[in-house]
Amino acid sequence: MGLPLPVRVPVSVRSHPRGEDVASLTTRGRGEAMRLDGPLTDRYGRVHDDLRISVTDRCNLRCVYCMPEVGMTFQPPSALLSFDEIVRVATLAYSLGVRSLRLTGGEPLVRKSLVSLVARLSAVGFGDLSMTTNGMLLAPQVRALAEAGLTRVNISCDSLRPERFNAIRRRGDLATVLASMDAVERARLSPLKVNVVILHGVNDDEILDFASFARDTGRIVRFIEFMPLDAQGTWDKGQLVPGREIYERISARWPLERIDVDSSAPAERFRFSDGRGEIGLISSVSEPFCGTCNRLRLTSDGAIRNCLFSNDELSIRDLMREGAGDDELALLLRRAVWQKLPGHAINEPDFLRPARSMSMIGG
Ligand code: SAM
Ligand code: SF4
């Protein structure tokens with residue numbers, strides 16, 4: 001694995017559509033009217049009840065598939081949403097039918113006082129309040145997070161071999177991440193999910209090790225395909241290992257059975273046929289699940305995005321800072337959902353990478 005060159009990553013947030021009249025929003029596209037009541041529904045009938053909130057674009061690690069080792073630029077503090085602003089958007093989203101909330105980043109735990117934000121979001125009523133973290137700062141605060149209302153945790157871990165972990169994540173260490181997994185379970189935030197990005201020729205020889213880890217620990221290991229969202233912009237399809245191949249390699253050793261539960265979940269879930277453990281496959285590139293997508297995203301600088309791969313986003317932060325009322329903010333959320341495209345089109349020849357990378361959007 002060669003060292004990447006320093007890169008500067010441009011940030012662009014589109015302005016919000018203030019000033020557009022409601023009539024023009026309700027009559028745009030396919031001749032259909034955008035709904036101004038009920039749940040957040042797009043023009044393809046997908047109901048959006050899941051909000052991903054990025055609390056920061058900063059991170060204490062530099063994973064090779066996510067960020068360059070040096071040269072990453074971050075938002076100035078004044079650009080970030082305050083906790084009051086985050087809670088305001090979340091409360092509004094709740095009133096529009098959103099019931100599932102995930103905190104992410106960057107690394108969410110590098111943002112100070114996250115426990116207090118979790119407590120405030122839990123008080124809104126979100127029964128499903130989860131976090132995706134790299135696990136480096138988690139153990140000392142996991143109990144407080146659970147007491148504040150956090151219900152689930154996903155920890156990212158791309159290798160079970162200490163030296164390789166260091167090569168992929170560049171900072172941090174495997175022992176601390178494994179200790180965080182134990183702490184999550186002691187805090188009764190089970191079952192813990194472990195996210196693994198499998199890269200061809202880098203860690204694909206650990207697929208069976210991770211399957212074995214899932215069988216031995218009861219942790220749900222989710223294999224994620226490498227997506228064209230690295231800040232370096234060096235993604236190419238040859239680096240990803242398709243979910244289908246991962247399935248075949250694991251099931252040849254330990255037969256798997258599909259678990260059909262929630263059709264909107266991105267992971268295809270499988271249990272081992274002998275009853276020992278579960279894995280998930282997130283095949284975002286090779287087998288997109290856009291048709292059942294129920295997700296909306298709020299970036300750390302207050303942009304609403306309807307898709308990880310979208311080239312369009314609306315700044316709810318600017319609207320709030322201009323003194324907009326909740327009705328105006330709700331309209332922006334509805335519009336963002338209404339504008340969602342049927343799919344991300346990664347596999348189309350004219351696919352255009354979004355200007356923002358994964359850590360800037362919130363994975
Ligand atoms: N820093 C936290 C972490 O790593 O868990 C949360 C944010 S991170 C952006 C969320 C998830 O996105 C992680 O599981 C990470 O492995 C994954 N990820 C980051 N870049 C990716 C890429 N280019 N393709 C696929 N997954 C990626
Ligand atoms: Fe940081 Fe998460 Fe990106 Fe790794 S994947 S660099 S931990 S934001």
- Message: If a residue must be farther than 17 Å from residue 90 by Cα and away from ligand 2 (no atom under 16 Å from the Cβ), how many such residues does region 324-363 contain?
- Response: 17
- Message: For region 195-213, check the following and say yes or no: at least one residue is in contact with a Gly (Cβ under 9 Å, 6 or more places away or on another chain), at pLDDT below 95 and either part of a helix (DSSP H, G or I) or surrounded by fewer than 19 Cβ atoms within 10 Å (Cβ to Cβ) (or both).
- Response: no
- Message: Would you confirm, using the coordinates I've provided, whether residue 170 is more than 17 Å from residue 210 (Cα to Cα) and either within 13 Å of ligand 2 (Cβ to nearest atom) or in contact with a Gly (Cβ under 7 Å, 6 or more places away or on another chain) (or both)?
- Response: yes
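If we scan region 71-91, do we find a residue that is farther than 25 Å from residue 319 by Cβ and surrounded by fewer than 16 Cβ atoms within 10 Å (Cβ to Cβ)? Explain how you work it out, then say what you get.
Filtering region 71-91 for residues farther than 25 Å from residue 319 by Cβ gives 71-72.
Next, from what is left, pick out any that are surrounded by fewer than 16 Cβ atoms within 10 Å (Cβ to Cβ): 71.
Yes, that holds for at least one residue.
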- Note on region 87-111: residues within 16 Å of ligand 1 (Cβ to nearest atom) and not polar (S, T, N, Q) are 101, 102, 103, 105, 106, 107, 108, 109, 110, 111
- Query: Could you list, in sequence order, the residues of region 100-120 that are farther than 14 Å from residue 83 by Cα and charged (D, E, K, R)?
  - Reply: 102, 107
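Does residue 274 qualify as being among the charged types (D, E, K, R), farther than 24 Å from residue 157 by Cα and either in a strand (DSSP E or B) or within 16 Å of ligand 2 (Cβ to nearest atom) (or both)?
Details: among the charged types (D, E, K, R): yes; farther than 24 Å from residue 157 by Cα: yes; either in a strand (DSSP E or B) or within 16 Å of ligand 2 (Cβ to nearest atom) (or both): no.
Spelling it out, it is not the case that residue 274 is among the charged types (D, E, K, R), farther than 24 Å from residue 157 by Cα and either in a strand (DSSP E or B) or within 16 Å of ligand 2 (Cβ to nearest atom) (or both).
Identify, please: which residue in region 92-114 is basic (Lys, Arg) and more than 15 Å from ligand 2 (Cβ to nearest atom) and is, among those, surrounded by the fewest Cβ atoms within 10 Å (Cβ to Cβ)? Show your work before the answer.
Within region 92-114, the subset basic (Lys, Arg) is 99, 102, 111-112.
Remaining after also requiring more than 15 Å from ligand 2 (Cβ to nearest atom): 99, 112.
On the way: 99: 14, 112: 9.
If we take residues in region 92-114 being basic (Lys, Arg) and more than 15 Å from ligand 2 (Cβ to nearest atom), then 112 is surrounded by the fewest Cβ atoms within 10 Å (Cβ to Cβ).
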- Task: Could you list all residues from region 235-271 that are assigned to a loop (DSSP other than H, G, I, E, B) and surrounded by fewer than 16 Cβ atoms within 10 Å (Cβ to Cβ)?
- Result: 236, 255, 260, 261, 262, 263, 265
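Scanning region 219-241 for residues that are closer than 13 Å to residue 280 by Cα and not β-branched (Val, Ile, Thr), which turns out farthest from ligand 1 (Cβ to nearest atom)?
Applying the first criterion (closer than 13 Å to residue 280 by Cα) to region 219-241 yields 219-225.
From what is left, the residues that are not β-branched (Val, Ile, Thr) are 219, 222-223, 225.
On the way: 219: 14, 222: 8, 223: 10, 225: 7 Å.
Among them, the one singled out is 219.
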- Would you mind telling me which numbered condition in (1) crowded, with 18+ Cβ neighbours inside 10 Å; (2) touching a residue at least 40 places away in the same chain (Cβ under 8 Å); (3) under 25 Å from residue 178 (Cα atoms) residue 218 fails? (1)
- Item | Contacts under 6 angstrom Cβ, first residue in region 166-184 being under 12 Å from residue 155 (Cβ atoms), partner of a type in the set (Gly, Ala, Ser) and at pLDDT 95 or above, 6 or more apart | 177/135; 179/139; 180/135; 180/139; 183/139
- Query: List, please: which pairs have Cβ atoms under 7 Å, are six or more places apart or on different chains, and start with a residue in region 62-88 that is within 24 Å of residue 201 (Cβ to Cβ) and end with one that is outside any loop (DSSP other than H, G, I, E, B) and not aromatic (Phe, Trp, Tyr)?
  - Reply: 63/168; 63/169; 64/168; 65/197; 65/199; 66/358; 66/359; 67/359
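Of everything in region 77-120, what is touching a strand residue (DSSP E or B) at 6+ places or on another chain (Cβ under 8 Å) and either part of a loop (DSSP other than H, G, I, E, B) or on the phi > 0 side of the Ramachandran plot (or both)? Give them in sequence order.
Our first condition is that a residue be touching a strand residue (DSSP E or B) at 6+ places or on another chain (Cβ under 8 Å); within region 77-120, this holds for 81, 86, 89-90, 93, 97-109, 114, 117-118.
Selection gives 81, 97, 98, 99, 105, 106, 107.
The values are calculated or read from the model by the stated rules, or taken from the named source; none is laboratory data. Everything quoted here is computed from the prediction, not taken from an experiment. We place every Cβ from the backbone using ideal geometry, glycine too, and count neighbours over all the protein chains shown.
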